[in-house]
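These notes concern the structure reproduced below.
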Amino acid sequence: MVELKLKVIEAPDVRVVVANRAENVAVVRQALTGIADAMQLEDGLLSDIKTAVSEACNNVVLHAYDGREGPLEVYVCPTEDELDVVVRDEGQGIQPNPPEPDPGVQGVGLSLIQALTDHVEFRGAAGEGTEVRMGFRAAGLVDTAGEHEVEEQVEPPTGELVVSVAAGALAAPVLGRVTAMMAARASFSIDRLADVVLVSDAIAAHAPDLIVGRHIHVSVDASPRALDLWVGPLEPGGGDRLVTATALGGMPAVLDQLADDVTVGAGDGSEQLRLRLIDAR
């Protein structure tokens, strides 16, 4: 087996953290679609990637925590000729030779992952969690290999969904798709869902000059017809400056205009910007 690059663990270009609930696999799939949009991957390859990664995620949902809830993490790194993906859990792990699934369980198991990937490695031990490391031959237009291989660890906000994406070409499509998915989960109307995408686009465009580190960290909580987004950590003064930066061409700031509430919280030498969007229809 070919071992994936350490960069996948140390500084992934995209990191998604959700609870190991079945509905959250769709959020991961949306993040992968955003990456494919940026890389301009072929539909067939994207389908293989989504199927393999979904199967690894489904195994975390079904087997990792023995009926309890725990974190499901997905790391993604595009390189010059490959897309590397890691699915991680902190539970009892994905079993190398699981028993045959019940008839009602979807998916055909780890054999499907092996069939769809160019190389795959399973790591972990009982009680120590598991990593499924997958590599897909995927020459695309985004290559961040060699950039910032190791960076200082930054603590992102916490929430129902946490997505961390490297500033650059991946940010807008990944943030747009995952926040839209969460808005749909909150039963937003089409018009208000479009506002959420505009907000995420504004964050992707203007946050890179204000973030601590090279990643834009966004936490999302969804409730009926309401969405809360936290962006951070930002450098001191970054919250207000991020809002101001979205005012273009003499128009009001996009974040002020589209969010129902905008607040800035400070602590430990950094800031977080909180945006609350409500669908009041």
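Per-structure values
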| quantity | calculated |
| --- | --- |
| First in the stretch 53-69 and touching a residue at least 24 places away in the same chain (Cβ under 8 Å) and closer than 12 Å to V85 by Cβ, second anywhere and in a helix (DSSP H, G or I) and not aliphatic (A, V, I, L, M), Cβ under 7 Å, 6 or more apart | S54/R29 |
| In the stretch 188-236, the residues that are out of contact with any strand residue (DSSP E or B) (no Cβ under 9 Å at 6 or more places or on another chain) and among the β-branched types (V, I, T) | I190, V197 |
| Among (1) in contact with a strand residue (DSSP E or B) (Cβ under 9 Å, 6 or more places away or on another chain); (2) open to solvent by less than 30 Å² (accessible area, probe 1.4 Å) - the single one V264 does not satisfy | (2) |
| Residue list for the stretch 208-255, restricted to those being part of a helix (DSSP H, G or I) and under 21 Å from Y75 (Cα atoms) | P208 |
| Test result for R276, open to solvent by 60 Å² or more (accessible area, probe 1.4 Å) and under 23 Å from the mean Cα position of the chain (by Cα) | yes |
| Qualifying positions in the stretch 207-230 - free of Cβ contacts under 8 Å to residues at least 60 places away in the same chain, within 27 Å of R185 (Cα to Cα) and crowded, with 20+ Cβ neighbours inside 10 Å | A207, I216, L227, L229 |
| Index of the failed condition, G249 passing every other in (1) open to solvent by less than 90 Å² (accessible area, probe 1.4 Å); (2) touching a strand residue (DSSP E or B) at 6+ places or on another chain (Cβ under 9 Å); (3) at pLDDT below 95 | (2) |
| Among residues of the stretch 259-281, those that are touching a Ser or Thr at 6+ places or on another chain (Cβ under 9 Å) and under 16 Å from V196 (Cα atoms), counted | 6 |
| F136 being open to solvent by less than 30 Å² (accessible area, probe 1.4 Å), in a loop (DSSP other than H, G, I, E, B) and at pLDDT 80 or above | no |
| Enumeration of residues in the stretch 5-21 that are open to solvent by 60 Å² or more (accessible area, probe 1.4 Å), of a type outside the set (A, V, I, L, M) and either at pLDDT below 50 or within 14 Å of the chain's Cα centre (by Cα) (or both) | K5, R15 |
| Tally of residues being outside any helix (DSSP H, G or I) and surrounded by fewer than 20 Cβ atoms within 10 Å (Cβ to Cβ) across the stretch 31-64 | 2 |
| Qualifying residues in the stretch 164-193 (those that are open to solvent by 50 Å² or more (accessible area, probe 1.4 Å) and part of a helix (DSSP H, G or I)) - the one nearest to G232 (Cα to Cα) | R177 |
| Residue pairs meeting the criteria (Cβ under 7 Å; at least 6 apart or on separate chains; first over 17 Å from D48 (Cβ atoms), in the stretch 71-86; second in a loop (DSSP other than H, G, I, E, B) and acidic (D, E)) | P71/E90; C77/D13; T79/D143; E80/D143 |
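The values are calculated or read from the model by the stated rules, or taken from the named source; none is laboratory data. Keep in mind that this is a model prediction, so the values were computed, not measured. Positions of Cβ are generated from backbone atoms using ideal geometry, with glycine treated the same way; all protein chains shown enter the neighbour counts. Note: areas computed on protein heavy atoms with side chains; ligands, DNA, RNA excluded. Shrake-Rupley method; radii C 1.70, N 1.55, O 1.52, S 1.80 Å.
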